[in-house]
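> Could you have a look at this structure, given as structure tokens, before my questions?
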Amino acid sequence: MRTGIVAVLLCVIVVTGVLAAGDPMSRRNDQPIKIKSNELFTDNAAGTATFVGKVVARQGDLVIYSDRLIVHYADKDKEVDRVEAFGNVRIVQENRRGEADHAVYERQLAKITLDGGKPKVSQGEDTVTGEVITYFLNDEKSVATGGKTGRVEATIQPKSKGRNVGTKP
């Protein structure tokens, strides 16, 4: 069980980099990780650890909220392979936020996919919504796709918002 908990903590370190644009992972790795939930179930045979009920994973200024968080381990070395968050998923860091009904982190591909419930990503007042939003952590890029439920929508606020037009700064 101790190995499972250590792997869960390592997993949260990686997942917490989702919205950390410009913030190197090494600084976050030095900070303690705190995970709270109503229950924790580990299954060494299946290679999973499941946090259930008002899950809050916090490291530094980044917080991940969900109803359920499942950590899947690779068979050979028990390294974290995949992490799934289900229900009311919110990823918050300063003025950046991601929301969806479901999120998946895939370690080998270094990507996080938000889907279900019209995923939305926002930074300040700028927002992007779509059917699926994918972050590629190593490449610092993302892809949003529309799909059957609608098209990708982006709202980008002008930097001069709130200033009188024609007035010098």
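The values are calculated or read from the model by the stated rules, or taken from the named source; none is laboratory data. Note that the structure is predicted; figures quoted are calculated from it, not measured. Cβ atoms come from the backbone with ideal geometry, glycine included; neighbour counts cover every protein chain shown.
> Just the residues that are modelled with pLDDT under 90 and touching a strand residue (DSSP E or B) at 6+ places or on another chain (Cβ under 8 Å), please, taken from region 72-88.
72, 73, 74, 79, 80, 81, 82, 83
> Then there's this: So which residues in region 100-121 are closer than 20 Å to residue 52 by Cβ and of a type outside the set (Ser, Thr, Tyr)? Walk me through it before giving the result.
First, pick out the residues of region 100-121 that are closer than 20 Å to residue 52 by Cβ: 100-105, 116-117.
Hits for region 100-121 are 100, 101, 102, 103, 104, 116, 117.
> Can residue 18 be described as modelled with pLDDT under 50, among the β-branched types (Val, Ile, Thr) and under 14 Å from the mean Cα position of the chain (by Cα)? Explain how you work it out, then say what you get.
Details: modelled with pLDDT under 50: yes; among the β-branched types (Val, Ile, Thr): yes; under 14 Å from the mean Cα position of the chain (by Cα): yes.
Considered against the rule, which asks whether it is modelled with pLDDT under 50, among the β-branched types (Val, Ile, Thr) and under 14 Å from the mean Cα position of the chain (by Cα), residue 18 comes out as yes.
> Right, here's the next one. So which residues in region 50-63 are modelled with pLDDT of 90 or more and closer than 23 Å to residue 73 by Cβ? Talk me through it step by step, then tell me what you get.
First pass over region 50-63, keeping only residues modelled with pLDDT of 90 or more: 50-56.
Once the filter is applied, which keeps residues that are modelled with pLDDT of 90 or more and closer than 23 Å to residue 73 by Cβ, region 50-63 yields 50, 51, 52, 53, 55, 56.
> Enumerate the strands (runs of 3 or more DSSP E) found wholly within region 99-152, keeping only those where 2 or more residues are touching a strand residue (DSSP E or B) at 6+ places or on another chain (Cβ under 6 Å) and over 30 Å from residue 73 (Cβ atoms). Please lay out each step first, then the result.
Details: elements: 111-115, 120-123, 126-129, 132-136, 141-145.
Strands (runs of 3 or more DSSP E) meeting the threshold: 120-123, 126-129.
> Something else: Out of the residues in region 43-57 that are surrounded by fewer than 23 Cβ atoms within 10 Å (Cβ to Cβ) and under 22 Å from residue 110 (Cβ atoms), which is nearest to the chain's Cα centre (by Cα)? First the steps, then the outcome.
First, pick out the residues of region 43-57 that are surrounded by fewer than 23 Cβ atoms within 10 Å (Cβ to Cβ): 43-48, 50, 52-54, 56.
Checking which are under 22 Å from residue 110 (Cβ atoms) leaves us with 47-48.
Details: 47: 21, 48: 19 Å.
Across region 43-57, the extreme among qualifying residues is 48.
> Identify the single condition in (1) at pLDDT 90 or above; (2) not in a strand (DSSP E or B) that residue 69 does not satisfy, given that it satisfies every other one.
(2)
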